[in-house]
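Below: the structure, in structure tokens.
The values are calculated or read from the model by the stated rules, or taken from the named source; none is laboratory data. This is a predicted model, so every value here is computed, not measured. Cβ coordinates were reconstructed from backbone atoms using ideal geometry, including for glycine residues, and neighbour counts include every protein chain displayed. For the accessible areas, the whole protein counts, side chains as well, though only heavy atoms, and no ligand, DNA or RNA atoms are used. Shrake-Rupley method; radii C 1.70, N 1.55, O 1.52, S 1.80 Å.
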Amino acid sequence: MDFQLNDEQKLLADSLEGWLRKEYSFEHWRKLVKTDLGYSDANWSHFAEMGWLGVALPEDHGGLGGSAVETMVIAERFGGAMVAEPYFSSVILGGGLVVAAGAQAQQAEILPKLAEGKAKLAFAFAEHGARFALNDVSTKAAKSGSGYTVSGKKIVVADAPSADLLIVLARSAGGRTDAKGLGLFLVDNRAKGVNRQDYRTVDNRRASDIVFDNAPAIALGDAENALPIVEGVMDQALAYLSAEAVGAMQNLYETTLAYLKTRKQFGRAIGEFQVLQHRMVDMMIHVEQSRSLALYASLALSRPAIERAKAAAAAKVQVGKSGKWVGQQAVQLHGGMGMTDELTVGHYMKRLMQIDTAFGHADHHQRRFAALSNAEAA
């Protein structure tokens, strides 16, 4: 099969690579992540001007209506530069949930602002004790007039400090682990009853633990049957993160290869030693295996639910294991300087470790893949 990008996708890739090479150097990234915001609003506005924020959004609401392949192209390039702007949280997760669950009026209100860079979203779903089970939710949504109020605690809400709207997964009916009774609720990040504890994650991103105390909310679509929608958007998220991890691994491979060609011992470049050449080949194999499964996960997003979920789980397993292995090799081959703040290698490895943990680590998705395979065979 031909997996080459078409002309439009190549133009998108070229525009991303050209801008990132010119404007998003490692030194620039280091300065950005040390600021209070953790990224640049000017960069976010540029993303909007270039149409990158609208690639994954429908044309009817200000987007470009791109396919999952265009999203994968963006993810891999952003991963290669460790882009800190909240593209994943706002566009892939937030925008994906609004597209999948929102009423037409809600989509018409939110999506154009998102594409124009005038709104940022964050998804609050994780809770203490739930691990990676999306149905394990104790946060409550209670009817209040024409809307709802939300009460409970969410943890590790990525990019919440700079979000305008929070999309909260909360229970409007049923018991804590019931599949039914779950809804998505829009909460203004500055509303009364929203109490955030902001912090910096290990990969220099921003996140929050949030306590909701009767915070006013509006249901995003059906208030009791959101779980299948969330599962579908999560598979989109896994495909994106897998492609982002491929970009990070590719950077580590190229950086390490360049280092082996310049670092000398015993009067010769260490890249000439056969054992290290074998190590580099193994790194390349891990990168290419991950790229193949990330591509498959993106292409499978439009397929039946079980096939889509299996592809996403398989990609997440591969990038989880390969990301750890490639990162470890890059650090070891750079020696003690591999983990210093001044070098890119350690930062990329931290990002890969964070991607592995997000929405379920490799072991979790290996078990998920097995369960899906058994369900498919039954």
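Among the residues of segment 104-116, some residue qualifies, meaning at least one is of a type outside the set (G, A, S), open to solvent by less than 10 Å² (accessible area, probe 1.4 Å), touching a Lys or Arg at 6+ places or on another chain (Cβ under 9 Å) and not in a loop (DSSP other than H, G, I, E, B). The strands (runs of 3 or more DSSP E) located wholly in segment 142-250 that include 1 or more residues which are open to solvent by less than 40 Å² (accessible area, probe 1.4 Å) and under 30 Å from S290 (Cβ atoms) occupy 147-158, 165-171, 206-219.
Please enumerate the residues belonging to segment 127-170 that are under 21 Å from I110 (Cβ atoms) and among the aliphatic types (A, V, I, L, M). Answer for segment 127-170, where residues must be under 21 Å from I110 (Cβ atoms) and among the aliphatic types (A, V, I, L, M): A141, V150, V157, A158, A160, A163, L165, L166, I167, V168, L169, A170. Within the span defined as segment 184-193, one or more residues are more than 24 Å from G38 (Cβ to Cβ) and touching a Phe, Trp or Tyr at 6+ places or on another chain (Cβ under 7 Å). Filter segment 114-133 down to the residues that are among the hydrophobic types (A, V, I, L, M, F, W, C) and either farther than 24 Å from S162 by Cα or out of contact with any strand residue (DSSP E or B) (no Cβ under 9 Å at 6 or more places or on another chain) (or both) and list them by number. Those that are among the hydrophobic types (A, V, I, L, M, F, W, C) and either farther than 24 Å from S162 by Cα or out of contact with any strand residue (DSSP E or B) (no Cβ under 9 Å at 6 or more places or on another chain) (or both): A115, A130, F132, A133. Annotation note: Cβ proximity below 6 Å between a residue of segment 103-124 that is in contact (Cβ under 8 Å) with a residue 24 or more places away in the chain and a residue that is surrounded by fewer than 17 Cβ atoms within 10 Å (Cβ to Cβ) and hydroxyl-bearing (S, T, Y) (sequence gap 6+ or interchain) occurs for G117/S45. Based on this model, can you work out whether G267 counts as surrounded by 15 or more Cβ atoms within 10 Å (Cβ to Cβ), farther than 30 Å from R367 by Cα, without any contact (Cβ under 8 Å) to a residue 60 or more places away in the chain and not hydrophobic (A, V, I, L, M, F, W, C)? Against the criterion (surrounded by 15 or more Cβ atoms within 10 Å (Cβ to Cβ), farther than 30 Å from R367 by Cα, without any contact (Cβ under 8 Å) to a residue 60 or more places away in the chain and not hydrophobic (A, V, I, L, M, F, W, C)), G267 does not qualify.
Of all residues in segment 31-60, those that are within 16 Å of F88 (Cα to Cα) have Cβ atoms under 6 Å from Cβ atoms of residues that are surrounded by fewer than 19 Cβ atoms within 10 Å (Cβ to Cβ) and of a type in the set (D, E, K, R), 6 or more apart or on another chain, in A48/E116. Of the residues making up segment 87-102, just one is crowded, with 24+ Cβ neighbours inside 10 Å, among the aliphatic types (A, V, I, L, M) and free of Cβ contacts under 8 Å to residues at least 60 places away in the same chain, namely V91.
The listed residues are E288, E342, E376, and the only one of them that is of a type in the set (D, E), without any contact (Cβ under 8 Å) to a residue 40 or more places away in the chain and either in a helix (DSSP H, G or I) or under 19 Å from Y240 (Cα atoms) (or both) turns out to be E288.
May I ask you to list the residues in segment 213-255 that are among the charged types (D, E, K, R) and in contact with a strand residue (DSSP E or B) (Cβ under 7 Å, 6 or more places away or on another chain)? Listed by number, the residues that qualify are D213, D222, E224.
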